[in-house]
Structures are given as structure tokens and as C-alpha cells.
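The values are calculated or read from the model by the stated rules, or taken from the named source; none is laboratory data. Because the structure is a prediction, the values reported are computed rather than measured. Positions of Cβ are backbone-derived with ideal geometry, glycine not excepted, and every protein chain shown enters the neighbour counts.
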Amino acid sequence: MQQSRLGSVLILLAVALLWPTVGSAVGGDEPETPTTTTGAAGVQAYEGTLTEAGEPVEGVTIRVETLEGEEVGAVESGADGRWNVPITVPGRYRVTIDTDTLPDGVDLTDADATTFETDVFPGRPTVVLFALGEAVGTGGPNDLERLAQSTTNGLKFGLIIAMAAIGLSLIFATTGLINFAHGELVTLGAVIAWFLNARGPRWPLVIAGLLSVAICGLFGGVLERTVWRPLRARQVGLFQLFVITIGLSLIIRHVLLIWFGGQRRGYLDYRIQTQWELGPVSITPRDLAIMALSALILVGVATILQRTRMGKATRAVADNVDLSEASGIDVQRVILVVWIAGAALAAIGGIFLGAIESVDWQMGTRLLLLMFAAVILGGLGTAYGAMVGGIIVGLVTEISTIWAPSALKLVFALGAMVLALLVRPQGILGRAERIG
Amino acid sequence: MDFDVIFGNGLRAAIGPEAAIFALLAIGLNLHWGYTGLLNLGQVGFMLVGAYGLAITVATWGWSMWLGIPVGLLAAAALALVLGIPTLRLRADYFAITTIAVAEILRLVVRSRPAQGLTGGAFGLQGIAEPFYDINPIPRGTYGFGVVTFSENRLWVMLVTWVLVLLCTGLLVLLTSSPWGRVLRSIREDEDAARSLGKNVVAFKMQALIIGGMIGGLAGVMFAIRASSANAESYRSTVTFFAYTILILGGAATRLGPIIGAFIFWFVISGVESFLRQADGEGWLPGFLQGTEAVGAVTFILVGLALALLIVFRPQGIFGNRNELRLEA
């Protein structure tokens, strides 16, 4: 499958947003009539007409899938070049043209523009234009360029996973708790930022994000003080605590569903950006900034863990609770700080992910297994392990799309985790050779 | 507000085939977790494999449904083997995370485009259970009283599934009261003690995983027969969490726990849903709770709440024995 380029996606998003004023702006001489509804009236769908030099192109496969790569429909263009994929749930989808099914001699004018991510709105069709004609430019990227691009995407995704997973790992290390509700902290961060940015006071995303991180950190602290600490004091078993996190995750997730709704939404800021071409890699300034910020935050966390009293105490508690307590460390306070910081980091991850892709009520839940994969790969219970593991998981996820269908990219990440468990159950930075 | 309807809807769900299928799932989990202490969070994976074993045999390969059912069960046993060999030696938390990851991998693979030729991808497989309904001895019609009514086909699935539930319960009673079952319990209580007595702990765990997994596979087979189709979307991890709620509700490591739990779970879930829909219809609900999406979400919130509160305040379940299963240990 062709690598999807964010730039063309954003340009097309602009086209989709400007529709119906844009008729045949893209591509050659397309007799596109955006208001035509080939599907049943009142049913949302993706549709379009494939033509090359005024002639309809028949038998080309168009696929529609969710942003996670789950296919919702596929159709072949008809004798008049028209195609229509009805959509049951309005939202944001990825529309792909299968270039293998193009007739000989017909290509996309932009070989990279095989995939578009656009919104489909209730009750009306969204027109997606695939511009066919002579291929312009150098054609498809070569393998090395694709590797460079996937590595960049993987690093971007991996840094976010790493950030979100630190809390998961440190909470486990200090309290033994596997927090199944950690994904919901990610969603919570993204949703609160969305509310402050796009719904409520409409503050700029930077301010909304900072406030959301603070609220989520506070939420983590409140959870620790009102739920986990009393339960630990009651000597409730670890397994029971684990089941409680499952219950908590169901509660938070569905409260968010009621509040936020089932659809995907985006932030108001940094939506449409022009791609920068940095050598073989193209990236939007927004994504580049997010990568830089994530890296900075990870370095910051590492510095705090390494240099400050609190950081050293955290590592000590993570290593051995009883010994730390005996040497005078206030373990309960460390755990509280870990909860606050972990929840805040998860929220940052959620906001970044929401800015890159979109915000929805299940985004953190989908990330949870990847965070577990990261934590286990890197070594359960170590902060640095979570970082290393997160980046590896991100890289595996994206690089696998070079030669495997993108629908299976999560399978590769989880498969890497299962494989790591077989070979080295303690993880890359597991106890045997732990840093620090 | 019609409380007869609410009660009726609850009762219809509580004795319906879905409750029986979840009881089967919970029986499998009861052997895994209740008796052996294996925290299997991927029970839905066994269900998926059972359902798709049947569905692929019938819809893709065109063989008989009666061959498909053992294929589904064997596939579940195979999954238990594949899953157990690498993970049963690991610590309990690793086992838990691996099982949920494998269940999720299975769902993603089954619904992916490359697998479409075999599994039907996102569209699933249909028309797999005609022979089952062909031998339905119940004459056409609607049976029941009030709102608690079932069509002849639903009644047929329901009866068969509940009979299977009773058979599996009986099997579990026999197994767990045998010396073999006592070894399982000793593994749950103290793995090292069992090992020091010369028991091959991994082998016992593996046997428990396979039997419980096959019961989960049977639940999947019946789930596929019930709808005469298989679709990957039905096999999300929430199904496993529902099964745990049922098991904890009824009492883990008890004989009738899964049945009682499934009955109460479905009665409450459907009753609450029916209540909320009526309240929605009468306009009693505040704005943010209106609409079908919110009603569904409230049900999930209640499940989460029930799960969390039960495990803290009554971990032995409603009828369980606190001394039988000491989670605090």
C-alpha cells in the first residue's frame, strides 16, 4: 500500500471543507458535479467520479476505512466512472484508491495522493476527488524514502506512547497496581483540552492544553488519595485493585461518551498545515513541534528522576518499597507524586495525539494495549524502560506498514510484545541490567 | 412508566440465549480464575476462535455445520495450547496482559482485509447455522407470556444453550471435586506449595486453560449459531469484562456462581436499559442522558460500578463463601 502523506490529506481536507465551492479544482478536466447524489438521498456517503481526460474510468477499487484501519466499505467505480460508499456512522474516515486496479496507462497525477482523510457529515455525501492523468514528478517514493518517512511517523507515535506509558510503569513499580484505567487518563486529557479549546471558553490550544494537564494531574492525585490509598490501607489485594481499575475504566470511558459523544472531533488550532519537506521526510510544523516537545518532556522526566531528591526517591521506591520506607523515604508521598505526574503525562500524550489525529472517547483505550506493550517490552516497572519500549512500539507499528497492510500495524506491535515475553520476559531494561 | 414491561424485559434477557452464552463463558473463567487462579483476560479470544472455527468451516469451506462445531472447539483448545506454552510460566500479571493482547490481535486479524477471503473481514460470515434450525422440533409460533416471548428458533437456541450450561456445570462439579480439582485449588492458593509436593504446576494449569478455553469456545459456537453469523465486532474485550462481572457477581469458585451471575447480570442490565428507555420516552431524563447512545453508556457505567464495588465489599459474590476464595491473600 502506498504511504499516505499528511500533506495531501490536509490539502484534501481543505478541499472537503470548502466544498461545495470547489468543483474541479483538483486534477485535470473532471466533470465533477459535487451536488450529485448517486446513493440514496439522506444517507451520508463518500462518492466521486473517476475520469481521465474526460473519459470515465471503470473498475477501480475505492476503499473506506476508519482511522485505525478497519475497513467499512469498498466499491468499484461503475461504467460512468462513478463510485459511492455509504457510511452508517458519520465521522472521519480514510478513503483510499487501490492503484493496482487502475487500468494500464492511467495513474494518479500525484502518486502519493492515494489516501485522503476527510469527514463525512450526517445525511449528505462527501465528495472525494482522485485526480487521474499523467503522473507528475518523480512518481512513488523509493524504499529508502518510505523507510525514512515511516521511521519519522513511528518516532512521533512512539514518543507519545512513551510519555503516556511512564505513569503506567511507575504506578506499577511503586504500588504493584496494573492500572487498566490509564488509557482513560489519556482520553480525559484530550477531551478536557478539546472542551476548553473548541466548546467552552474557546481558549487557544496551548492554554487549554496546559489547563487540561493540570486538571488531569489533580485528578490522578485525587484518585490516589480517595480511592487507592484507602484501599491499600484496608489491605485490599492487588488482584482486587486490578479489577477495580477495569471497573473505573468502564465508568470514566462511558461518562466521557455521554459528555463528549461518539464522534471524532478536532481542536480548533493547528488544523490545516502545509507539509515541510525535510530531505526525504515530509512533516507538518505541528507534528515536528509535538515531536520536539515530547522529546523535551521525556528528557525532563529523566533529568528529574536522575537529579532531584524526589526523582531519586521515586526510583528507590520503584526498586524496593520496604527498603525505601526503612531508609526514611515518605513512600505515600512518592506514590502521590507518581500518580499526579503519571496522569499529567498521560494527558499530555492524549492532547498531542488529539492534535495529530483527532479526539474521540476511545482513543486512550486503543492506546492502552500499546502502552502495556511498551512497558513490558522496556521492562515492567522502570521509567526508562517505558520510554525505550514506547519508542520501539511506535517504530514497529509504523515501519510494519511499509510491507504489511496498515490494518495489521497494531498486531505487529502487540506481536512484538508477545515475542519479547518469550525471549526476555523482564524486558529490555528489566531488573537484570537496570539503569540507575 | 410500565414496571411490568421493565420486569418482563429483564426476565426475558435473564433467561434468554445471551445470558446462557455468557454463563458458559463465565463457567470457563470459573475454572481458569476461580479454581486455578489464572487471570485470563482473553476469554473472548476463545469465544472468537470457537465462533470463527465453525463459521469458516461452514461459510468459507462449505462443509457441514456438524463438522464445524468440533472444529471450533478444537480451535479453542489449540489457542489454549499456543497461548499457554509461552505464558503459563510467567508471572500472573504478564499472563493477564498477554491474554488480553492475544484476544485483541485475533480480533484485528480476523477483521482485517488480508484475511477477508477466509473470515469475511469486516463483513463477517453469514448463513452458518441452517442445519441447527432445520432440526428444531418446536413448531412455529411465539411462546411465553406478556413481553417475555420467544420465537420458536430463539426458544430452540435458548433451550440447547441452557442444557449445555447445565452439562458444563456438571462437568465442572465432577472435575473440581476430583483429586485433580484439589490440585488446581492448591495451585491457586500457593503455587510453590503445590510444586514442592511434586505436582507439575504448568501441566495442571495448561489442562485447566484448555478445558476452560474449550468451554469459552463452546460459548462462541453457540453465539455464532444464535445469530447464524460471525462478526469480529462482537468479540471486543468488554465481553471478557462482562464475564468477569458475572463470575464475581455469582461468586467465583462456586458451582452455580456463573449461572446465578448471568441471570442477575442480564436481568439488571436489561431492566435498567428498559427503565432508561421508558424514562427517555417520558422525557424524565436530563438533557445529557437523552438518546440511545447515552442509555447504552449508563449501562456500562453501572457494570463498572458494580464490578468495582462488588470486588471491594463482597469479593466472594452474592452467594459465595468468603473462606473458599480469599482474594486478599
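Do the conditions hold for residue A:75, that is, is it surrounded by 19 or more Cβ atoms within 10 Å (Cβ to Cβ), at pLDDT 80 or above, out of contact with any Cys (no Cβ under 8 Å at 6 or more places or on another chain) and among the β-branched types (Val, Ile, Thr)?
no
Test of understanding: among B:307, B:209, which residue is within 14 Å of another protein chain (Cβ to nearest Cβ), in contact with a Leu (Cβ under 9 Å, 6 or more places away or on another chain) and assigned to a helix (DSSP H, G or I)?
Just one listed residue meets the conditions, B:307.
For region B:258-304, enumerate the residues that are in contact with an Asp or Glu (Cβ under 7 Å, 6 or more places away or on another chain), closer than 20 Å to residue A:257 by Cβ and not β-branched (Val, Ile, Thr).
B:290
For residue A:201, which of the numbered conditions (1) in a helix (DSSP H, G or I); (2) away from chain B (no Cβ under 14 Å) fails to hold?
(1)
Residues to consider are A:235, A:306; find the one that is at pLDDT below 95 and more than 9 Å from every other protein chain (Cβ to nearest Cβ).
A:306
Could you check, for region B:110-119, whether at least one of its residues is modelled with pLDDT of 90 or more, within 13 Å of another protein chain (Cβ to nearest Cβ) and under 21 Å from the mean Cα position of the chain (by Cα)?
Filtering region B:110-119 for residues modelled with pLDDT of 90 or more gives B:110.
Restricting the remaining residues to those that are within 13 Å of another protein chain (Cβ to nearest Cβ) gives B:110.
Filter again for under 21 Å from the mean Cα position of the chain (by Cα), leaving B:110.
The answer is yes; a qualifying residue exists.
For (1) surrounded by fewer than 18 Cβ atoms within 10 Å (Cβ to Cβ); (2) out of contact with any helix residue (DSSP H, G or I) (no Cβ under 9 Å at 6 or more places or on another chain); (3) over 15 Å from residue A:182 (Cβ atoms), each residue gets a yes or a no:
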| residue | (1), (2), (3) |
| --- | --- |
| A:209 | no, no, yes |
| A:219 | no, no, no |
| A:226 | yes, yes, yes |
| A:233 | yes, yes, yes |
| A:261 | yes, no, yes |
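Is it the case that residue A:364 is in a helix (DSSP H, G or I) and either touching a Ser or Thr at 6+ places or on another chain (Cβ under 6 Å) or without any contact (Cβ under 8 Å) to a residue 24 or more places away in the chain (or both)?
Criteria met by residue A:364.
For region A:239-250, check the following and say yes or no: at least one residue is among the small types (Gly, Ala, Ser) and in contact (Cβ under 8 Å) with a residue 40 or more places away in the chain.
So far as region A:239-250 goes, yes, one or more of its residues are among the small types (Gly, Ala, Ser) and in contact (Cβ under 8 Å) with a residue 40 or more places away in the chain.
Tell me which of these residue B:78 doesn't satisfy, since it passes every other one: (1) buried (at least 23 other Cβ atoms within 10 Å of the Cβ); (2) at pLDDT 90 or above; (3) among the hydrophobic types (A, V, I, L, M, F, W, C); (4) within 19 Å of the chain's Cα centre (by Cα).
(1)
Only one residue in B:84, B:50, B:72 is touching a residue at least 12 places away in the same chain (Cβ under 8 Å) and under 30 Å from residue A:238 (Cβ atoms). Which one?
B:84
Spot the failing condition for residue A:177; the list is (1) within 27 Å of residue A:414 (Cα to Cα); (2) in a helix (DSSP H, G or I); (3) touching a residue at least 12 places away in the same chain (Cβ under 8 Å), and only one is missed.
With respect to (1) within 27 Å of residue A:414 (Cα to Cα); (2) in a helix (DSSP H, G or I); (3) touching a residue at least 12 places away in the same chain (Cβ under 8 Å), residue A:177 is out only on (2).
Please determine, by comparing only the residues of region A:386-420 that are at the interface with chain B (Cβ under 9 Å from one of its Cβ atoms) and among the small types (Gly, Ala, Ser), which one is farthest from residue B:101 (Cα to Cα).
Here the residue is A:404.
Every residue, every condition in (1) within 14 Å of chain B (Cβ to nearest Cβ); (2) surrounded by 18 or more Cβ atoms within 10 Å (Cβ to Cβ), yes or no:
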residue	(1), (2)
A:241	yes, yes
A:251	yes, yes
A:265	no, yes
A:269	no, no
A:313	no, yes
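Just checking, does region B:10-21 include any residue being buried (at least 24 other Cβ atoms within 10 Å of the Cβ), within 11 Å of the chain's Cα centre (by Cα) and part of a loop (DSSP other than H, G, I, E, B)?
There is no residue in region B:10-21 that is buried (at least 24 other Cβ atoms within 10 Å of the Cβ), within 11 Å of the chain's Cα centre (by Cα) and part of a loop (DSSP other than H, G, I, E, B).
Go through the residues of region A:326-343 one by one and say whether even a single one is in a helix (DSSP H, G or I) and either at positive phi or among the hydroxyl-bearing types (Ser, Thr, Tyr) (or both).
The answer is no; no qualifying residue exists.
So which strands (runs of 3 or more DSSP E) stay within region A:85-153 end to end and still have 2 or more residues that are of a type in the set (A, V, I, L, M), under 30 Å from residue A:394 (Cα atoms) and modelled with pLDDT of 80 or more?
A:91-97
Looking at the structure I just gave you, is residue A:380 within 14 Å of another protein chain (Cβ to nearest Cβ) and under 30 Å from residue A:204 (Cβ atoms)?
Working: within 14 Å of another protein chain (Cβ to nearest Cβ): yes; under 30 Å from residue A:204 (Cβ atoms): no.
When the stated conditions are applied, residue A:380 does not pass them.
Residue check: is residue A:245 among the β-branched types (Val, Ile, Thr) and modelled with pLDDT of 90 or more?
Yes, satisfied.
Could you list, in sequence order, the residues of region B:36-66 that are touching a Ser or Thr at 6+ places or on another chain (Cβ under 6 Å) and surrounded by fewer than 23 Cβ atoms within 10 Å (Cβ to Cβ)?
Hit for region B:36-66 is B:63, nothing else.
Results for (1) at pLDDT below 85; (2) away from every other protein chain (no Cβ under 11 Å), shown as yes or no for each residue.
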{"site": "B:233", "(1), (2)": "no, no"}
{"site": "B:238", "(1), (2)": "no, no"}
{"site": "B:261", "(1), (2)": "no, yes"}
{"site": "B:268", "(1), (2)": "no, yes"}
{"site": "B:300", "(1), (2)": "no, no"}
{"site": "B:319", "(1), (2)": "yes, yes"}
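Wholly within region A:218-317, which helices (runs of 4 or more DSSP H) include no fewer than the required count, namely at least 1 residues that are under 28 Å from residue A:202 (Cβ atoms) and among the polar types (S, T, N, Q)?
It comes to A:285-307.
Is it true that residue A:268 is within 26 Å of residue A:374 (Cβ to Cβ) and in contact (Cβ under 8 Å) with a residue 60 or more places away in the chain?
It is false that residue A:268 is within 26 Å of residue A:374 (Cβ to Cβ) and in contact (Cβ under 8 Å) with a residue 60 or more places away in the chain.
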